[in-house]
Each structure stands twice: as structure tokens, then as C-alpha cells.
Amino acid sequence: MANNKQMSELDIKVKNNMEKIKHKIVVMSGKGGVGKSTISTNIAYGLALKGYKVGILDADIHGPNVALMLGKEGVKATSFAPISLLDGNLKVISLSFFISSSDDPIIWRGPAKIGAIHQFLGDVQWGELDYLVVDLPPGTGDEPLTIAQSIGKADGSVIVTTPQDVSILDSRKSIKFSKLINLPILGIVENMSGFVCPHCGERIDIFKTGGGEKTAKELNVEFLGKVPMNPSIVVAGDSGVPYIGSQEKNASHDALESIVNKLIEKTQK
């Protein structure tokens, strides 16, 4: 564990690093399995494709999946230099770059996780960025609180949910968490919102639909959009190229593009 002097020095590094980043977007969810990392990587990749300098921080210590979704699973870092993609427009850091095997569980208590996040914020050579996208683990525990207290002024949080009542219930907790810690809320994304048949175009609401939009209205936050289920999104994530980078034109791709454009509009005001 770092002593007080070391922590003070690291805090200064965090502050200096964060001051070089214009916009910070925190992506969170009330529960796991809602596609939060998929939304995070598509937002970061979409911003980078538009020419912005973007960093993505995988703050999910126990389940770091961002590297896989960006085609960098198995890459090992020898320093705190982030891994670069898209000609340097996208920088990524994840605990998966520092562990010997992706099969190894991370058995850490709170202080160790908090220390790792501080190092990711302070020791990583982020440089000048237009955007930092933080992919948080589900829930409202150590990692979300540490990020919120450490990154300085943030543009806000993006809450990811699916249409089921159990997911909506937990997403409401994330919204209230953001409000309690004075983290602005950029909006709600309803992921897995129905399935559009690629052959006939018929829409089937497998997990119901509209729960995220209804919650946004009830809690007076913006609704960023619905992303329909699409097998190609899963394939894209597993292949390491986020779906927003594909040339396909359909409801899912349009929804992701729209979410990125709305975030640009909201953060550039």
C-alpha cells in the first residue's frame, strides 16, 4: 500500500492528467449483463472515428472486457503507456494488459482496487484528449465512487439498461447515485431493445421495450436512445472492432450513431 506521501504525489498526477482532458463520460449500469462495455466501446470508437482524440479506461477491475472488444486481448503492457488504435486517435488501458492470463481471477479488496484506479488515472500517459470514456463495473461500489471523486469535473454519466423491470430497477439506483454525488446525468441508453429480423424487418420485443424511456421521463433525465438486439453487434465485439465501425446500415447501427452524436452535442455546449 502506498504511504501518505506517495498517495499525495499520485493525487497530483491524477489532477494534472485530468486537466488535460476536455470531456469525461462515465458509463455505468445498475446490474451486469446489460451490454455496458459494448456501449462504452462503441461510444469511444465512434468518437475516435469522427476525429476526436479519445481515451477509454476499463475500470471494471474484476471483469475487464474492453481489451477483447477492441481487439487487444492478450496484449501485455510493460509500462503505463496506453495501447493505441485508429492511428493514435483511440487510447485504451485495462487491467487485462497487466495480468498473466485472462483466466486469472482478480481477488482484490477495496483498497487495492482504488489504488489501481488511481494509477490508471495518474500514471497512465493519457496526454491531451478530447474525451475520456470510463467503463465502470455494474453497481454503485468502490470503483464508481473512486472514479467520481477522482476525475475532477465530468460531463456526466451514461446509464445503460435493458427493458426488463429488474434492470430498470437497478438503473434507477445508478441515476440516484449520480445525483447524490453531484455527477451530471447525460442520459439513459436502453440496450437490447427488441430484435429486428434482418430478413423480413419485423420487430420482436423479446425483453419488452420502453422501460428505459419511461424511467428517463419519470426521473427527468434525457433518453439517449434504444439499441435493438443484433447478432452482428455480438460478432463485432468478439472480433475486436466495435459495431459502430462497420458499414452496415440498420436500426442498431443508426441508434449507436445517434447516441454518439447526442453526446457530442451535449458535451460541446
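The values are calculated or read from the model by the stated rules, or taken from the named source; none is laboratory data. Model, not experiment: these values are computed from the prediction. Cβ atoms come from the backbone with ideal geometry, glycine included; neighbour counts cover every protein chain shown. When the accessible area is computed, the model is the full protein with side chains, heavy atoms only, and any ligands, DNA or RNA have been set aside. Shrake-Rupley method; radii C 1.70, N 1.55, O 1.52, S 1.80 Å.
With an 8 Å Cα cut-off and a minimum separation of 6 or more residues, compute the relative contact order for the chain in percent.
The value is 25 percent.
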In terms of the charge dipole of region 1-100, which places +1 on Lys and Arg and -1 on Asp and Glu at the beta carbon, the residue among T38, G88, G51 farthest towards the positive end is G51
Starting from the Cα of S232, step 7 Å toward the Cβ, then list every residue of region 185-218 with an amide N under 14 Å from that point.
196-201
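Based on a Kirkwood Rh over C-alpha pairs, give the Stokes-Einstein translational diffusion coefficient of region 119-199 at 10 °C and viscosity 1.306 mPa s in µm²/s.
Numbers: Rh = 14.5 Å.
For the chosen part, D equals 110 µm²/s.
How long are the semi-axes of the equivalent ellipsoid of region 41-190, defined as square roots of 5 times the Cα gyration tensor eigenvalues? Whole Å, largest first. Provide the component values of the computation, followed by the final result.
Working: eigenvalues 113, 71, 49 Å².
In descending order the semi-axes read 24, 19, 16 Å.
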Given the rule -39500 (n - 2.57) for each run of at least 4 DSSP H residues, summed and divided by the residues of the chain, what is its mean residue ellipticity at 222 nm, to the nearest 500 deg cm²/dmol?
-12000 deg cm²/dmol
Given the options P64, G115, T209, identify the residue whose Cα lies farthest towards the positive end of the charge dipole of the chain (+1 on Cβ of Lys, Arg; -1 on Cβ of Asp, Glu).
G115
In nm, to one decimal, how far is the E9 label point from the E202 one, both placed 7 Å along Cα→Cβ?
6.6
Pairwise label distance in nanometres, F80 with I107, each label 7 Å out on the Cα-Cβ vector
2.8
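Take the eigenvalues of the Cα gyration tensor for the chain, scale each by 5, and report the square roots as semi-axes in whole Å, largest first. The partial results should precede the final answer.
Working: eigenvalues 169, 84, 62 Å².
In descending order the semi-axes read 29, 21, 18 Å.
At a 1.4 Å probe radius, carbon and sulfur cover how many percent of the accessible area of the chain?
Values: 6450 of 12300 Å².
Within the chain, the accessible surface is 52 percent carbon and sulfur.
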Take the cross-link list K31/K113; K76/K266; K50/K176 and give me the ones stretching past 24 Å between alpha-carbons.
K76/K266; K50/K176
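Relative to the present Cα-Cα distance, how much length would full extension add between E222 and E265 at 0.36 nm per residue of separation? It would help to have the intermediate numbers written out before the result.
On the way: separation 43, 0.36 × 43 = 15.48 nm, distance 1.28 nm.
This chain segment gains 14.2 nm when fully extended.
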Determine the alpha carbon to alpha carbon distance for each of K22/K217; K20/K91; K24/K226; K226/K269 and list only those over 25 Å.
K22/K217
Roughly how many Å is it from the Cα centre of region 142-163 to that of region 56-93, as a whole number?
19
Nearby aspartates and glutamates by direct alpha-carbon distance to K179 (threshold 18 angstrom, same-chain neighbours under 8 apart not counted)
D142, E143, D155, D170, E218, E222
Take the Cα radius of gyration of region 1-88 and divide it by 2.2 N^0.38 Å, with N its residue count; two decimals is plenty.
1.24
Could you state the accessible area per residue of the chain in Å², with a 1.4 Å probe and every protein chain left in place?
46
